[in-house]
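A.B. asks: Take a look at the following structure, please.
The values are calculated or read from the model by the stated rules, or taken from the named source; none is laboratory data. Every value quoted in this text rests on a predicted model; they were computed, and no experiment measured them. Glycine gets a Cβ as well: all are built from the backbone with ideal geometry, and neighbour counts include every protein chain shown.
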Amino acid sequence: MSTIKVLDSDSSAKYYNTIEEGTSASPFQSVVPDYRIPYAINKIFNDDSVTVSVREKAKSLIKFGQNPDLDATIRETIWALGGDETYPTGNDIDIIVSTNVGDTQDVVIEGHTLSGSDLTFVSQTATLNGTTNVTLTTPLYRANRMYNNDSTDFAGTITVEDNGTSTHLSCTGDINQSLKCATSTDQDTYWIITGLDISAEKTSSAVVDFELQIREFGKVFRTRYFASTASGGREIDFSVPIIVKPNSDVRVVGTSNTNNVGGSASIHGYLAEIIP
């Protein structure tokens, strides 16, 4: 945050707050297409005394997923594996493997490591060795996305696992991308969430309750938005954005009114970088 002093034609001083600063080579542009972004930047500064920049980060984030089998009255994360993820307490996510011996593709895995109470974003590539476990170069605290970075579809199901026990990501050759409507923020980043898409699938009689949940580090998941939909889905645009603090976990969970219902969701927004 900074203040610009301008002298009017009558020599009186006018003062303007700016949400960002630029340089002579890259000046700040005052035209902001989405009013919610400067609002969120100002709110972060007022609440946390932290200056952030969407412009410097220059990255939006859409996190989407699907749960193929929601059952009645059971709340589950919207991700391909069903149920809820067992979150590690340390950097324990360490292997990737396929169910098919022929899979030797390069796979990109995105996630975070943990040091103290701070998360750091990591993107790494691993080369599959069929049904033999491949050790990740960097063990992870959170695994948020993986995708096929090769020219051949997966033949089997690819999983990223925690010491060969808990599974944290999964994908198949018909998608070549994990479907997990959950992620985390690193120590230097806020996520300004501007909308949510939700849908109940497979049966016209199903209704699914969806909750956007956020957990700050060392705390519990807290529901920050709630909406219901039947088949056909809803696109929800937040007039007031939801702000996710650094070092937080985010997920969408769903609860159906009947068994064997597919549910899908996506969260979209902008990442804002902390400016020292």
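Yes/no matrix, rows are residues, columns are (1) surrounded by 21 or more Cβ atoms within 10 Å (Cβ to Cβ); (2) in a loop (DSSP other than H, G, I, E, B); (3) within 12 Å of the chain's Cα centre (by Cα):
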{"position": "G173", "(1), (2), (3)": "no, yes, no"}
{"position": "Q187", "(1), (2), (3)": "no, yes, no"}
{"position": "W191", "(1), (2), (3)": "yes, no, yes"}
{"position": "G195", "(1), (2), (3)": "no, no, no"}
{"position": "D209", "(1), (2), (3)": "no, no, no"}
{"position": "Q213", "(1), (2), (3)": "no, no, yes"}
{"position": "R224", "(1), (2), (3)": "no, no, no"}
{"position": "S228", "(1), (2), (3)": "no, no, no"}
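A.B. asks: Return the residues of the range 197-207 that are out of contact with any Asp or Glu (no Cβ under 9 Å at 6 or more places or on another chain) and either assigned to a loop (DSSP other than H, G, I, E, B) or under 21 Å from L271 (Cβ atoms) (or both); say none if nothing qualifies.
C.D. replies: K202, T203, S204, S205, A206
A.B. asks: Follow-up question, since we're still on this one. Please go through the range 140-158 and pick out each residue that is surrounded by fewer than 20 Cβ atoms within 10 Å (Cβ to Cβ) and in contact with a strand residue (DSSP E or B) (Cβ under 9 Å, 6 or more places away or on another chain).
C.D. replies: Y147, N149, D150, A155, G156, T157
A.B. asks: What pairs come up if the first residue lies in the range 219-244 and is touching a residue at least 12 places away in the same chain (Cβ under 8 Å) and assigned by TED's automatic domain parsing to the domain that holds I62, the second is of a type outside the set (S, T, Y) and not in a strand (DSSP E or B), and their beta carbons are under 6 Å apart, counting only those six or more places apart or on different chains?
C.D. replies: These pairs meet every condition: P241/R36; P241/A40; I243/A40.
A.B. asks: Between a first residue in the range 187-216 that is closer than 30 Å to I274 by Cβ and free of Cβ contacts under 8 Å to residues at least 60 places away in the same chain and a second residue that is of a type in the set (K, R) and surrounded by fewer than 19 Cβ atoms within 10 Å (Cβ to Cβ), which pairs have beta carbons less than 8 Å apart while being 6 or more apart in sequence or on different chains?
C.D. replies: That search, which allows pairs on different chains as well, returns L212/R224; Q213/R222; Q213/R224; I214/R222; I214/R224; R215/R222; E216/K245.
A.B. asks: I would also like to ask the following. Out of the residues in the range 243-276 that are within 13 Å of the chain's Cα centre (by Cα) and closer than 21 Å to G83 by Cβ, which is surrounded by the fewest Cβ atoms within 10 Å (Cβ to Cβ)?
C.D. replies: Looking at residues that are within 13 Å of the chain's Cα centre (by Cα) and closer than 21 Å to G83 by Cβ, I get S266.
A.B. asks: So, one more: Spot the failing condition for L128; the list is (1) surrounded by 19 or more Cβ atoms within 10 Å (Cβ to Cβ); (2) on the phi > 0 side of the Ramachandran plot, and only one is missed.
C.D. replies: Tallying (1) surrounded by 19 or more Cβ atoms within 10 Å (Cβ to Cβ); (2) on the phi > 0 side of the Ramachandran plot, L128 fails exactly one: (2).
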